[in-house]
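The block underneath contains the structure these notes are about, expressed in structure tokens.
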Amino acid sequence: MRTVFVIGTSTGGVGTHVHALARDLAAAGHEIGVIGPAATDEHFGFSLLPGVRFGVLELGTGIGASDAALIRRQRTLLRSFAPQIVHAHGFRAGLITLLTLRTLKTRPTFVLSLHNQASGQGLRGRVETRVETMLAHGADLVLGASTDLVDRARELGAQSARFLPAAAPEVTQVSAEAAAATRAGLAEEFDFDPGALIVLAVGRVAEQKNYPMLVRGLARLGEGNRQATGNPQREANRQGEIVALIAGAADDEVLADVRAQYDDAAAASAIPALHFLGPRDDIAELAAAADIYALTSVWEARALVLQEALISGKAIVATATGGSAELVGDAGILIDHDDDAAFAEAVAELAVDPARRAELGTRARARGAELPDEREVAEELAGLYTELVSAQVG
């Protein structure tokens, strides 16, 4: 089957997902093309995949006059690819693709994958809802990376909407010796006790990740004046050092704001150390060295980093938003969005209870073993494509 994926600017989960689909579908004998920005190709190497053709389309983030040129360019690319299926990922790629397909005399089947929720307010929110509605009505099939996205598409009138997960990534198994070496290296670099409890968060320092909530939670952990008997935060303070690490690239303004918030909290009272590691290529080693994996996001569909934490067998503390609750289940501690008190309480509980951490880690690893891998998701998608094309031919 001839399929073209359309993707916008990406450095994270969406690009990883599309790269795996393109690779595995091409390996299965399908003719695959990918259309997207040159920077996205440079980051993920679509054009280097065997059997995959790449066409450059510089999709920006805002709607404007330049969209007419994008539509003309995409129309030319689609004519050269001659696909049976055009599969766009995300609102921006979906909008330009839908507008392009309306200019074609012979229209291929249009599939749209939603990986994020629209979050605009006021005028922007109304515009986003109009775009969502156009896409829901215009796509032959809408795929949601979490069930709330599927429900949203159906509410807006999608003729067909289904759940398709972003597959669990392959996770490198790290030996106990390598994990200990990573922990020792971090302790030396950032000057903390190698026996400290490490709380690890992985993800871009951006508004969606809500690291200000993590900072507020750390500030609560640092409060040493609670006198209630058995208070877990006070017990955690007495048990030993807690260190938080954030691994990932950063939006400069957001990073500056989070640093300033942390500095203000540190000036007011004792607070566990927080270190920003920047982009890393040793996430598996970091996860193996950590004691707790934290996800504080405002919303996630099906975070790849959360799947990595499950597969790695980490004790997880995560906000129960989007698809995170259905992904984690009882294999971690789920808290309400933006609830820094609950975050602090969960971390404090785990800090003084290694048996509880081990129990959650065992549950996480068992749940991680059940997650579909990239090949399985590609096979499921290929089946959906066949259903769509067969139905249209019939």
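Data for the structure
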| item | result |
| --- | --- |
| Per-bin percent of Cα-Cα distances, the range 247-394 [10 Å] | 10, 31, 34, 15, 7, 3, 1 |
| For the chain, built as a Gaussian network whose Cα springs stay under 10 Å, the top-fluctuating residue of 149, 218, 101 | 101 |
| Separation in nanometres of the label points that stand 7 Å from Cα toward Cβ, at residue 130 and residue 330 | 4.8 nm |
| Nonlocal amide H pairs with residue 301, under 5 Å, H built at 1.01 Å | 323 |
| Length-normalised contact order for the chain - Cα pairs under 8 Å, 6+ apart - percent | 15 percent |
| Charge dipole (debye, nearest 20) of the range 269-326; +1 at Cβ of Lys and Arg, -1 at Cβ of Asp and Glu | 120 debye |
| Charged-residue dipole, Cβ positions (Lys, Arg, Asp, Glu), the chain about Cα centre, Debye nearest 20 | 1720 debye |
| Projected label distance in nm at residue 358 and residue 178, using a 7 Å step from Cα toward the beta-carbon | 2.4 nm |
| Other-chain or far-sequence residues with amide H under 5 Å of residue 315's (modelled H) | 293, 361 |
| Of 174, 18, 347, the one that fluctuates the most in a GNM where the chain has Cα springs shorter than 10 Å | 174 |
| Apportionment of accessible area to carbon and sulfur, the range 98-235, percent (1.4 Å) | 48 percent |
| Label selected from (i) 35; (ii) 27; (iii) 31, the criterion being percent of Cα pairs over 37 Å apart as computed here | (ii) |
| Selected from 22, 325, 369 as most flexible by GNM, with the chain as the system and alpha-carbon contacts under 10 Å | 369 |
| 3J(HN,Hα) from dihedral phi, the range 143-151, Karplus parametrisation 6.51/-1.76/1.60, rounded to Hz, x for glycine, proline | 10, x, 7, 8, 5, 5, 5, 5, 4 |
| Residue-span extension gain [residue 392 to residue 251] - 0.36 nm each, minus C-alpha spacing | 46.3 nm |
| The chain - mean residue ellipticity at 222 nm from DSSP helices (-39,500 (n - 2.57) per run, n ≥ 4, rounded to 500) | -15500 deg cm²/dmol |
| Probe 1.4 Å, accessible area per residue of the chain, Å² | 44 Å² |
| With every protein chain in place, the range 305-394: carbon and sulfur % of accessible area (1.4 Å) | 48 percent |
| Separation of alpha-carbon centers, the range 280-305 and the range 25-77, rounded to whole Å | 29 Å |
| Separation of the residue 338 and residue 268 label points, Cα + 7 Å toward Cβ, nm | 1.7 nm |
| Coil-residue GluC sites (Glu not before Pro) of the range 342-394, DSSP, other Cβ within 10 Å capped at 13 | 370 |
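The values are calculated or read from the model by the stated rules, or taken from the named source; none is laboratory data. Keep in mind that this is a model prediction, so the values were computed, not measured. So basically every Cβ, Gly included, is an ideal-geometry build from the backbone, and we count neighbours across all protein chains shown. Areas reflect the complete protein model, heavy atoms only, side chains present, ligands, DNA and RNA absent. Shrake-Rupley method; radii C 1.70, N 1.55, O 1.52, S 1.80 Å.
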